[in-house]
1. Could you pull the Cα extents of the range 1-156 along its three principal axes, largest to smallest, in whole Å?
2. Taking a virtual spin label 7 Å from the Cα of Lys3 along the C-beta vector, which residues in the range 42-79 bring their backbone nitrogen under 20 Å of it?
3. As a footprinting exposure proxy, order Leu118, Leu99 by other Cβ within 10 Å, with the fewest listed first.
4. Step through the residues of the range 5-22 one at a time and calculate ³J(HN,Hα) from phi using the Karplus curve (6.51 cos²θ - 1.76 cosθ + 1.60, θ = phi - 60°), rounding each to whole Hz and writing x for Gly and Pro.
5. For Cys13, Cys153, Cys170, what ranking results if the residue with the fewest other Cβ atoms within 10 Å of its Cβ goes first?
6. Using a Förster distance of 35 Å, how high is the FRET efficiency between Asp144 and Lys12, based on the Cβ-Cβ distance and rounded to 0.05?
7. Pairs to check: Lys89/Lys110; Lys3/Lys110; Lys12/Lys91; Lys36/Lys91. Give those whose C-alpha atoms are more than 26 Å from each other in this structure.
8. Can you sort Ser17, Ser176 from fewest to most other Cβ atoms within 10 Å of each residue's own Cβ?
Amino acid sequence: MGKGEELLEAIKCQDISVVQKILHKGKGKILGSSKKVNVNFQNEEGLSPLHQASLHANVDIVCLLIDANATLDLQDANGMRALHYSSLKGKVEVVAALLESGSKASTPAKNGVTPLHLAAQYGQCSVCAMLMQYGGDPTVRRHDGATPIDLACEFGRYEVVEIFLTNSSCISLIESYAVQHFETELSNSNSPLHVAARNGHIKVI
C-alpha cells in the first residue's frame, strides 16, 4: 500500500494521529523521512484525502489537509468536490473551512449539481445560508432542470425554503413560474409551489 492509500485509509478510519504522522503536521512529509506524500492522491473513484475527510465531516482532518496544501476543488470521477460532500453532510465547520480557504461555492459536478443543490435536498439550513453568502445560487439548474429551491420544496425542507426566499433571484423565479403556470394543472407543472403540493408539503406552501 502506497502512502496515498495509507492516508486515505487513516482518514476513513478517522485516525487523526496517523493522519498527522503521515502529513507531519501539515508539511507533507512522512515523519522521520524526506519523502513527500501526495496529499492529492486519488483512488479509482477519484476520491482524494480531502474528499474523504469532507465525506466524514471531520473538520480537524480537513484543516490538516488544507494546511498541507491539498487542492480544494479537486473533482472525483463524478465531478464532485470536497465542498459537495461537506454540504451534503451538513457540517457547517467543514463547509466554512473550505469556503474561507477559497473553494468555489457554485462550481457544479458533471450532472450540474452544485453544493447548494445537495444542502437544499438534505435540509442543511446553516450550510445553505453560508453557501449563499459565498455566491451559491438557489435558482441555478442542474442538468435535469431542477434548482435548489425545487429540491427544498420537493423534500419539504421548510426552513431552507425560508432562507431561499430572502434571495431576490429566488423570488423572481417563483413569480415567473406564477405567470407561466397560472392555468397549468398541478400534475403538469414543475414550479416549486406545485412540486411541494404534489408531495404533500403543506407547510412549504
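Since every read-out is calculated from the coordinates, none of them should be taken as a lab result. Being a predicted model, the structure only gives us computed values, none of them experimental. Every residue, glycine among them, receives a Cβ derived from its backbone with ideal geometry; neighbour counts consider all protein chains shown.
1. Principal-axis extents of the Cα atoms in the range 1-156, largest first: 53, 27, 24 Å.
2. 42-44, 47-53, 61-72
3. With the sparsest Cβ surroundings first, the list reads Leu99, Leu118.
4. 5, 4, 5, 4, 5, 5, 5, 4, 7, 6, 9, 5, 5, 5, 4, 4, 5, 5
5. Working: Cys13 11, Cys153 28, Cys170 22.
Least crowded to most crowded, the residues run Cys13, Cys170, Cys153.
6. The calculated FRET efficiency here is 0.65.
7. Working: Lys89/Lys110 20 Å; Lys3/Lys110 29 Å; Lys12/Lys91 17 Å; Lys36/Lys91 30 Å.
Going by Cα-Cα distance, Lys3/Lys110; Lys36/Lys91 fall outside the 26 Å limit.
8. Working: Ser17 8, Ser176 12.
Going from sparsest to densest Cβ surroundings: Ser17, Ser176.
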